[in-house]
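Student: For reference, the structure I am asking about is given below.
The values are calculated or read from the model by the stated rules, or taken from the named source; none is laboratory data. Predicted model, so just to flag it, every value in this text is computed and none were measured. Neighbour counts run over all protein chains shown; Cβ positions are idealised from the backbone, glycine included. Each accessible area value is taken on the protein alone, full model and side chains, heavy atoms only, with ligands, DNA and RNA left out. Shrake-Rupley method; radii C 1.70, N 1.55, O 1.52, S 1.80 Å.
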Amino acid sequence: MIRIATIGTSGITACMLDALSNVEGAVFVGTLSRDRQRAAAFTSEHGGTTPFASLGELAASDEVDAVYIGSPNALHHDQALACIAGGKHVIVEKPFCANRREAAEVFEAARDAGVVALEAMRPLHDPAFHALKEVLPQIGAIRRATLRFGKYSSRYDEILAGRHTNIFDCAMASGSLMDIGVYCVEPLIELFGAPECVLASATLLDEATHDLTNGPIDGSGVILASYPHMTAVLAHSKTTNDLSDSQIEGELGTLTIKGISAPTAVRIDLRSDAARQTDSVGYSSAQTIERNIDLPAFENTMQHELSDFVEAVEHVRTGGVCTEAPCGPFGTVAHFRDITLSSLALMDEARRQMGVSFPADRTAPDAPDVPSVE
């Protein structure tokens, strides 16, 4: 049995614990909060036994095998390193760290310690996402993709009211791209690999908010990613609602995806000549044939990343190498590590072009792995 503790008492942590109840081989021990009473209340509410009031106490605990880190983005690096130093496996909420350099340091520390480090990136472990991936060959040579996720955040109302929030704070390594755009970036990398170059543009929050946000920060933005034979547009926003679906367009047809972060519906539209070769159903007035793709449905898709994490930890506990550990049906620990690193490299370059920087960027700047179009 894998004994899991959590860092943080946010809604995403509560959602994770709800999913954990559907994962075999794992049990919740307790949570860490700076407020001991809050830690105790959250632990009790979710069926745990041992609250923690300090990172050192958690990292040293013999009652904990693994830690879910659901704290603000800027804290992930140091908290993960502390847990790894204590021999704990870690699953870190997206984005894994503030930048690629920090993420590489955590992955290196985990490898040296022989423990699993995994980013909690839901779609990459979701069977529904991989169901759409499997039908991509049906639409022929892919020439264009548009992945989008925009959801108006109530935390933006806090900023408009003159109140601070971690969700729009450079010191917390947040903003639209890091918080919600990452759900477009990582599926892009999983489906098509790293682009040759990127061009990014963002709508930054008004300059008058900089005292609250600790510098320029993005409320929404767009990234153009270039590949040898295709282009991709990633659209993200926390200050507007994006009501459009994502699309992947091939020479034979188009795939339409509802909810890129957790696909709930996927439709394939084949051109009439392509449809004639693959399906006997009649044509629509647009000379295409439409077919809905059956997707597996789950009430809480976080159970997939947790189940895959537990599988990897069990593999290591029985003598396996941590980076080679199978992490569910869709990849090894090393595969998901590489997706995380490539995605953060893309976001580092996008933020550089947007003019959004974090304290972690200034600690030890390094050259981006993804060149710009400039």
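One line per residue, one yes/no per condition, for (1) open to solvent by 10 Å² or more (accessible area, probe 1.4 Å); (2) under 22 Å from V233 (Cβ atoms):
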| residue | (1), (2) |
| --- | --- |
| H304 | yes, no |
| S307 | yes, no |
| A312 | no, no |
| T318 | yes, no |
| F330 | yes, no |
| L341 | yes, no |
| A345 | no, yes |
| M354 | yes, yes |
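Student: Are any residues in segment 190-215 of a type in the set (S, T, N, Q) and open to solvent by less than 80 Å² (accessible area, probe 1.4 Å), and if so, which ones? Lay out the reasoning, then the answer.
Tutor: Just the residues of segment 190-215 that are of a type in the set (S, T, N, Q), to begin with: 201, 203, 209, 213-214.
Within segment 190-215, S201, T209, T213 qualify.
Student: Turning to a different aspect of this structure: Within segment 110-121, work out how many residues are surrounded by 24 or more Cβ atoms within 10 Å (Cβ to Cβ) and under 18 Å from the mean Cα position of the chain (by Cα).
Tutor: Of the residues in segment 110-121, 5 are surrounded by 24 or more Cβ atoms within 10 Å (Cβ to Cβ) and under 18 Å from the mean Cα position of the chain (by Cα).
Student: A further question on this structure: For segment 218-233, how many residues meet the condition of being β-branched (V, I, T) and under 16 Å from L191 (Cα atoms)? Before the answer, list the steps.
Tutor: Taking segment 218-233 as the starting set, the residues that turn out to be β-branched (V, I, T) are 222-223, 231, 233.
Pick out the ones that are also under 16 Å from L191 (Cα atoms) and you get 231, 233.
The qualifying residues number 2.
Student: For F107, work out the one condition from (1) out of contact with any strand residue (DSSP E or B) (no Cβ under 6 Å at 6 or more places or on another chain); (2) crowded, with 22+ Cβ neighbours inside 10 Å it doesn't fulfil.
Tutor: (1)
Student: Within segment 78-90, identify whether any single residue is part of a loop (DSSP other than H, G, I, E, B), in contact with a helix residue (DSSP H, G or I) (Cβ under 9 Å, 6 or more places away or on another chain) and on the phi < 0 side of the Ramachandran plot, and answer yes or no.
Tutor: Restricting attention to segment 78-90, the residues satisfying the condition of being part of a loop (DSSP other than H, G, I, E, B) are 86-88.
When the remaining residues are screened for being in contact with a helix residue (DSSP H, G or I) (Cβ under 9 Å, 6 or more places away or on another chain), the result is 86-88.
Still in the list and also on the phi < 0 side of the Ramachandran plot: 86, 88.
Taking every residue of segment 78-90 in turn, at least one turns out to be part of a loop (DSSP other than H, G, I, E, B), in contact with a helix residue (DSSP H, G or I) (Cβ under 9 Å, 6 or more places away or on another chain) and on the phi < 0 side of the Ramachandran plot.
For (1) within 30 Å of A345 (Cα to Cα); (2) touching a residue at least 60 places away in the same chain (Cβ under 8 Å), each residue gets a yes or a no:
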site: R38; (1), (2): no, no
site: F42; (1), (2): no, no
site: T49; (1), (2): no, no
site: G70; (1), (2): yes, yes
site: Q79; (1), (2): yes, yes
site: A85; (1), (2): yes, no
site: N99; (1), (2): yes, yes
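Student: When you check G30 against the structure, is it surrounded by fewer than 23 Cβ atoms within 10 Å (Cβ to Cβ) and either under 21 Å from K94 (Cα atoms) or among the small types (G, A, S) (or both), yes or no? First the steps, then the outcome.
Tutor: Details: surrounded by fewer than 23 Cβ atoms within 10 Å (Cβ to Cβ): no; either under 21 Å from K94 (Cα atoms) or among the small types (G, A, S) (or both): yes.
No; evaluated as a whole, the condition is false for this residue.
Here's the yes/no breakdown for (1) open to solvent by 10 Å² or more (accessible area, probe 1.4 Å); (2) under 23 Å from L344 (Cβ atoms); (3) among the basic types (K, R):
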| site | (1), (2), (3) |
| --- | --- |
| I139 | no, no, no |
| L147 | no, yes, no |
| D157 | yes, no, no |
| H164 | yes, no, no |
| A171 | yes, yes, no |
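Student: Okay, moving on. Of these, R3, R38, which one is in contact with a strand residue (DSSP E or B) (Cβ under 9 Å, 6 or more places away or on another chain) and modelled with pLDDT under 95? Walk me through it before giving the result.
Tutor: On the way: R3 fails: modelled with pLDDT under 95.
None of the other options fit; the residue is R38.
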